[in-house]
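Inspection log for the structure reproduced underneath, given as structure tokens.
The numbers here are math on the coordinates, done by the rules we state, and not lab data. Not measured: the values here are computed from a predicted model. Here the Cβ positions follow ideal geometry from the backbone for every residue, glycine too, while neighbour counts run over all protein chains shown.
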Amino acid sequence: MRKFWTEEKLEWLIESSNLYKDRREILIQFNQRFCTNYTLRQLSLASNEHKISLPRASIQKYKRYNTWLTREKTWTKEKLAWLLSSKDTYDDREDILNAFNKKFTMKATLKDLKAINSKYRLALPKANRLIQKSLEASWISSRGFTEREIGDEISWGNSQVCVKVSHSKVKSERYMLKARYLYQIYHNIKLSTKDCIIFLDGDTNNFSKDNLYKSSRFVIGTMVGHKLNNTKSIDKETVIKYCEWKEKIFNLTCNIEIKGGINMKAKFKEGEVVLYQNGTTFELGIVKEVVERIVKQHLRQDGLYGKPTGEDTIQFCYRVWYHTGDTSALTDERNLHEIKNAYAFLVMRRKADTSSINETPARQLAASIIDDTPQLTELEGESYYECEDALTELINEFKI
Amino acid sequence: MLKISQMVYETSIKEIEKLDALTIQEIERHPLLLKTSQLKNSHVLALIKQQEIDYKEKDLDLRTTMYDLRQERNGIMKQNIKLQEQKLK
């Protein structure tokens, strides 16, 4: 059997390990000397097997020999920068491709652009023309036409019939509900986005003039909210009138609230003792300050492109003095509770840090009694407070 | 049934007209006007709901009677079939 690694070869390797600093150079010299075409892997295996310490093969030098690593890049930074900037000048990817091939004399395809687009996250526009062409072809084969004519009807969902009103690119402008469209024609008016059309007899296919009724979103919301949309005993027109009445009241109340009318009152006053609820725990506190905040509520948007609108309402927040220290944070009104029988209790406040007493005359008197009575002057801590509380209660003629 | 429906309709229209005629300043001066309307509105809602409940109760009664009658009819038919079977034997 012929030996790959003869003693001569191994000796040469041991000698050359001190001469050269790169394993690749050793390999080249080796192949030249012994007229072989050994690979780097074979050399590494031999060095492991015969325990010959060879220098490492450096990557830098490897690049010199590997054409793949030293190849000229197709997608250079310049090309990518051009593609990024092309978004502003071209709307279609096909146009970008043509201009790109022309500028850099390349033969790139849409597939290449797709790969580069996703790899470098270029966010190039779609090839809309091509997409449209293929879509049109499929539409013609499936339905026989590419685009509907103005006035054509389509059904959306279960019972909604829409009419095509324009060839606009925006879908919401292209189609309109048939009921809205016919109402506008019957009454020669333009409906706003806030208006809704109701079928009085409940039949969504009855588009007669008498059956269509214009109303607001609030009315429909009230009807659904109070479960009046399917009343059997009362006709729809009556229910609508009732909801319109409710809407009127709501609008007036909102107007007055905003202007500072009858309902613009805070729930608690300054100095009032309140009960603060935090989950299942409660705390006593005294209202220090009432703060008003204007909040936009019921934020809504008219259609896809409308501006968000909403009514301004005033919310009250409170700066409450709890058991210790000062409070800078505001407490929401919904977390505070009124103590209905506060009159039945004597609410006394003790400053926790200083053991000093509150300003009430009864407590002041109790403190002075303790100070003046020689038997009580030695009291300290809890026993002092207990005594002070008991005396204050006695002074106030309060019995537990 | 018709009476309540008509009453709701008329009241609603009257109240809307009344509120339309009022200005915000007037309501601010006499807030009870709005409060009264609110109360009336709640009362009317209660009436509508009661009406619906009555209607549903009646509907349920009718349905129960109909099912009872159907059951009775089925019983009679079963007996009839048994009699015919006996005759054939």
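Rounded to the nearest 20 debye, the dipole size of segment A:51-184 about its Cα centre is 1280 debye, using +1 on the Cβ of Lys and Arg and -1 on the Cβ of Asp and Glu. A protection proxy built from the mean count of other Cβ atoms within 10 Å ranks the segments A:179-187, A:72-80, most packed first, as A:179-187, A:72-80. If you line up the long axis of helix B:31-88 against the longest principal axis of chain B, both from Cα atoms, how many degrees apart are they, to the nearest 10? On a 0 to 90 degree scale, this one is about 10. Mean per-residue shielding of peptide B:11-24 is 4, counting Cβ atoms of other chains within 10 Å of each Cβ.
From largest to smallest, what semi-axes in whole angstrom does the protein assembly as shown give when each is the square root of 5 times an eigenvalue of its alpha carbon gyration tensor? It would help to have the intermediate numbers written out before the result.
Values: eigenvalues 1137, 628, 211 Å².
Square roots of five times the eigenvalues give 75, 56, 32 Å.
Basic side chains Lys and Arg get +1 at the Cβ, acidic Asp and Glu get -1 at the Cβ, and with that the dipole of the protein assembly as shown about its Cα centre reaches some 4520 debye. Among B:I27, B:I16, B:I76, the largest mean-square fluctuation in a Gaussian network model of chain B (Cα springs under 10 Å) belongs to B:I76. Seen against the Cα atoms of chain B and their longest principal axis, helix B:2-21 is set at about 20 degrees.
For chain B, the Kirkwood hydrodynamic radius from C-alpha pairs, put into Stokes-Einstein at 25 °C and a viscosity of 0.890 mPa s, yields a diffusion coefficient of 138 µm² per second.
Fraction of C-alpha pairs exceeding 20 angstrom in segment A:177-288: 61 percent, rounded to a whole number. Between segment A:169-205 and segment B:1-49, the C-alpha centres lie 29 angstrom from each other. Mean sequence separation of contacting Cα pairs (under 8 Å, at least six apart), scaled by the length of segment A:50-180, corresponds to a relative contact order of 13 percent. Within 10 Å of the Cβ of each residue in A:224-234, the mean number of Cβ atoms contributed by other protein chains is 4.
Is there a pair in A:K171/A:K194; A:K21/A:K51; A:K164/A:K190; A:K267/A:K288; B:K14/B:K49; A:K209/B:K18 whose C-alpha atoms are over 23 Å apart, and which pairs would that be? Where the Cα-Cα span goes over 23 Å, the pairs concerned are A:K209/B:K18. As a rough guide to protection, the peptides A:230-237, A:123-130 ranked by mean Cβ packing within 10 Å, highest first, stand as A:230-237, A:123-130. Here B:M77, A:M176 are placed in order of increasing Cβ neighbour count within 10 Å, fewest first, which gives B:M77, A:M176. Taken residue by residue and averaged, Cβ atoms of other chains lying within 10 Å of the Cβ of A:236-249 number 6. Each of A:L40, A:S208, A:Q160 was placed along the dipole of the protein assembly as shown (beta-carbon charges, centred on the mean Cα), and the one lying farthest toward the positive end is A:L40.
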